[in-house]
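What follows is calculated from the coordinates using simple rules that are stated; it is not laboratory data. Keep in mind that this is a model prediction, so the values were computed, not measured. Here the Cβ is made from the backbone with ideal geometry for all residues, glycine too, and neighbour counts use every protein chain on show.
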Amino acid sequence: MSKVGIIMGSKSDLPVMQDAIDILKSFNIAVEVDIVSAHRTPEKLFDYGKHAHTRGFSVIIAGAGGAAHLPGMIAALSPLPVIGVPVKSSNSIDGWDSILSILQMPGGVPVATVALNGAKNAGILAAQIIGTSHAEVQHTISEYKEGLKALVIQSAKDLK
């Protein structure tokens with residue numbers, strides 16, 4: 001089975017990134033979590049990016065705040081799809097610095113970008129990517145979406 005690498009720039013990003021960890025585990029997808037700072041541990045970043053595909057990962061989710069170079073640098077180094085999670089950090093400009101740092105990648109180095117603090121959606125997107133080649137995961141995603149539909153229908157009934 002595939003696994004997802006979940007990395008973040010610092011421990012302070014974990015409360016946001018926990019949503020990706022939790023949703024992937026609920027889909028029975030293995031995750032490996034690490035802290036990889038683009039600015040403070042560049043050697044670790046290079047090693048992680050260059051070797052992630054040899055370690056059984058199918059997708060990398062990278063969360064970062066502030067200048068948020070982690071997702072783009074990992075995407076530059078790895079042949080795997082990278083999903084960036086902009087994190088609103090304590091030194092952030094309302095999160096816009098993180099969003100734009102991750103979103104505005106140059107041609108040839110794509111990073112799929114979710115909403116500010118949108119780690120849950122990053123986890124779901126990673127599962128959907130894996131589901132393109134794993135029928136069991138695709139079935140689990142379909143069931144999850146049916147559950148969302150049921151919640152909306154029940155909420156509408158509750159209004160009446």
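What the table below lists for this structure:
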quantity	calculated
Expected 222 nm ellipticity per residue - DSSP helices of 4 or more, -39500 (n - 2.57), all of the chain, to 500	-15000 deg cm²/dmol
Anisotropy class of the stretch 87-137 from Cα gyration tensor, a/c 1.5 cut	oblate
Per-selection Kirkwood Rh - the chain (Cα, Å, 1 d.p.)	16.0
Straight-distance crosslink candidates among lysines, where the alpha carbon sits under 20 Å from LYS44 and sequence neighbours closer than 8 are dropped	LYS3, LYS11
Out-of-range pairs (alpha-carbon distance over 23 Å; input LYS120/LYS145; LYS50/LYS145; LYS50/LYS88)	LYS50/LYS145; LYS50/LYS88
Förster radius 35 Å - calculated FRET efficiency between ASN91 and LYS149, Cβ distance, rounded to 0.05	0.30
Two-decimal Rg to Rh for the stretch 12-75 - Kirkwood Rh, Cα set	0.96
Sparse-neighbourhood loop sites, trypsin sites (Lys or Arg not before Pro) in the stretch 38-136 - DSSP loop, at most 14 other Cβ within 10 angstrom	ARG40
Sequence of ASP47, ASP19, ASP158 once ranked by neighbouring C-beta atoms within 10 Å, starting from the fewest	ASP158, ASP47, ASP19
The chain: relative contact order as a whole-number percent, Cα under 8 Å and 6+ apart	23
